[in-house]
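Undergrad: I'd like to ask some things about the structure below.
Here, each number is a calculation from the coordinates, and none is a lab measurement. In this text the structure is predicted, and so the values were computed from the model without any measurement. Neighbour counts are summed over all protein chains in view; Cβ atoms, including those assigned to glycine, are modelled from backbone coordinates with ideal geometry.
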Amino acid sequence: MATLLRSKLSNVATTVSHKSQAKMSGMFARMGFQAATDEEAVGFAHCDDLDMEHRQGLQMDILKSEGSEEGGEPPLEGDIHYQRDGTGPLPPSASKEACSELSGQGKPKITAWEAGWNVTNAIQGMFVLGLPYAILHGGYLGLFLIIFAAVVCCYTGKILIACLYEENEDGEIVRVRDSYVDIANACCAPRFPTLGGRIVNVAQIIELVMTCILYVVVSGNLMYNSFPNLPVSQKSWSIIATAVLLPCAFLKNLKAVSKFSLLCTLAHFVINILVIAYCLSRARDWAWDKVKFYIDVKKFPISIGIIVFSYTSQIFLPSLEGNMQNPKEFHCMMNWTHIAACILKGLFALVAYLTWADETKEVITDNLPSTIRAVVNIFLVAKALLSYPLPFFAAVEVLERSLFQDGNRAFFPNCYGGDGRLKSWGLTLRCALVVFTLLMAIYVPHFALLMGLTGSLTGAGLCFLLPSLFHLKLLWRKLLWHHVFFDVAIFVIGGICSVSGFIHSLEGLVEAFRTNAED
C-alpha cells in the first residue's frame, strides 16, 4: 500500500511539473512561433515542442529508473511513459486519441491574426531584396509572375491542409494527419510507407541548409559593399560572419534567439519602408521606358526561382493550422496574407527597379548611396546573423531525428548519451555543417543564383508539385473537375518552371565555380 501511495504521489508530482513546464514552454513557443517563423519558413513551434518533449521524456525515464531501483511496483495501466526515440510501447488502454490529448495539454492556441503574422514573416522576409533583380530580367512578366506565384502558393497551401482531413464513419471531417511528412507517407502507402516522408525531409533539409548559406552570402555581400575601402574581401567578411555563427552548433533550443527575432523582423519592415521612401524621393527620374514586355531567356528562369522562393511557407502550414484556435479561419487568413504579400512585393520590386533600372543589383540595398547603405546593410547583417540559427537548428533536428534517433530505423548510433547530452562527435558534425555553409558561400558568393536554384529545386517542389500531386492522390474521388484541372495545370507549369530554373541556375553555378577556380 505504501509503495502504491508513493507511486501515485510521484505521478501527481510529475503531472504538475509537466503542466507548469508546458505553460512556460508554451509561452516561449508563442513568442518564438510568432516571431521566428521568418523567411526561411521554419516551423519553430515544432522545434520548441521537441525540446519540451525531450525534457519531459528525460524526467519520465528518471522517474521510471528511480521506481525500479527502489523496488517499487510497475506503473499502473494507463500511465504513459515517453521515450526519446519514440519506440517505447504504449499501454493497451492508451488510445491514440488519449495520447494526442495529453500531448496537446499546455500548448497555446493562436488566433487567425497571429497565424497571419507567421505567414507574413515567412513570405515577406529578407529575400524580397532580390525581387527587383527579377524584374530586371523579366519586365512586366516578372510582375505578373509575382502575382501568379501568390495565387498558386495560396491555393496549394489550402489543398495541402485539405489533405490532413478525411471523413470518418459518421460522415464528419476529422483531422487524421499532422504534418507534411504524414501526408507524403499516406500517399506512398502501403507499398512504400516511409518513402514520401523521406523525400519531404530531404527537400526540407536542402531548403534549410541553402537558406543558411544564403544568410552567410548576404552577410558577406552587404558588409563588403558597405565598406568598400577596407582591405577586406567578400570571402573574408563571410569567414568573419561564420566565426560569429559557430556557437550555433552548441544550441540546445532557440528560446534565447527567439527573443530577438521579433525586433529583427520589425527592423526589416522599417528598412523596406526606408528603401521605398528613398525610391519615392526619386520618382521624377523613374525609368518607365525600361520596363518592357520582354524576358532574358538565359536569366529569367533564375528569376522564377527567386520569386517562388520568396513565397515558400508550405512546410510549416500544417503545424500552424493545427495550432489555430479556429482552423476554419485558415482559408481567410491565407487569402489576406497572400494578397498583402502580392501587393507589397509587386510595389517594392517595381519601385526599386524604376529607380535604378539597368543598374539594379542582386541585393537592392547595394544600390543605395554610401551614406545610407552602410547603416541599412549593418541592420540587415544583424538580422541575417540572428536569423541563421532558426534554419540551422531545424535542419539539425531533422537530420538527428532521421539519421540518429529514428529508433531501429536509424542509420547511425544515437548522437545523444543516456543523460540526454550531445556526444562529442555529434557536436563535431554540427560544427561541420556550419563550416559547410561557409565553404558554399565562399565558392558560390552569388545571392541570386543560390536563391534561384533553391526556389527552382525545393521551393517549386514543396509549393507547387507535391501539394497538387498529394491532393490528386488522396482526394481525387471527391474533387470537382475544376479542382482536378487546377491541380494538373499547377503540376505541369510548376514542373516546367522548376526544371528550367534549375538547369539555368546550375549552369550559372558551374560557371561561377570555374571563375573562382581560375582566380
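Undergrad: With respect to the cross-link table entries Lys252/Lys328; Lys158/Lys290; Lys235/Lys292; Lys292/Lys345, which display a Cα-Cα separation exceeding 29 Å?
TA: In this structure, Lys252/Lys328; Lys158/Lys290; Lys235/Lys292 exceed 29 Å between Cα atoms.
Undergrad: Once both labels are modelled 7 Å past Cα along the beta-carbon direction, what's the Phe192-Trp288 spacing in nm?
TA: My value for the distance between the label points is 5.4 nm.
Undergrad: Along its principal axes, what span do the Cα atoms of segment 123-516 show, with the longest given first and each in whole Å?
TA: Projected onto the principal axes, the Cα atoms of segment 123-516 cover 67, 55, 42 Å.
Undergrad: Still on this structure: Report the label-to-label distance for Ser281 and Ile343 in nanometres (one decimal), using points 7 Å from each Cα along the Cα→Cβ vector.
TA: 2.6 nm
Undergrad: Follow-up question, since we're still on this one. Roughly how many nanometres apart are two label points built 7 Å out from the Cα toward the Cβ at Phe227 and Val488?
TA: In this crude spin-label approximation the distance works out to 5.9 nm.
Undergrad: What FRET efficiency would be calculated for the residue pair Thr515, Ile378, taking the C-beta separation as r and a Förster radius of 35 Å, to the nearest 0.05?
TA: Calculated value: 0.75.
Undergrad: Here's a follow-up. Take every Cα-Cα pair in segment 106-225 and report what % of them are more than 24 Å apart.
TA: So the portion of pairs separated by more than 24 Å is 51 percent.
Undergrad: Express in nm, to one decimal, how much length is gained between Thr111 and Val151 on full extension, taking 0.36 nm for each residue of separation and deducting their alpha carbon distance.
TA: Here the segment from Thr111 to Val151 would lengthen by 12.1 nm.
Undergrad: Just subtract the alpha-carbon distance of Tyr443 and Val202 from 0.36 nm times their residue separation and send over the number in nm, one decimal.
TA: Value of the extension gain: 84.5 nm.
Undergrad: Okay, next question. Please report, in whole Å, how far the alpha carbons of segment 333-409 spread along each principal axis, starting with the longest.
TA: Rounded to whole Å, the extents work out to 58, 34, 21 Å.
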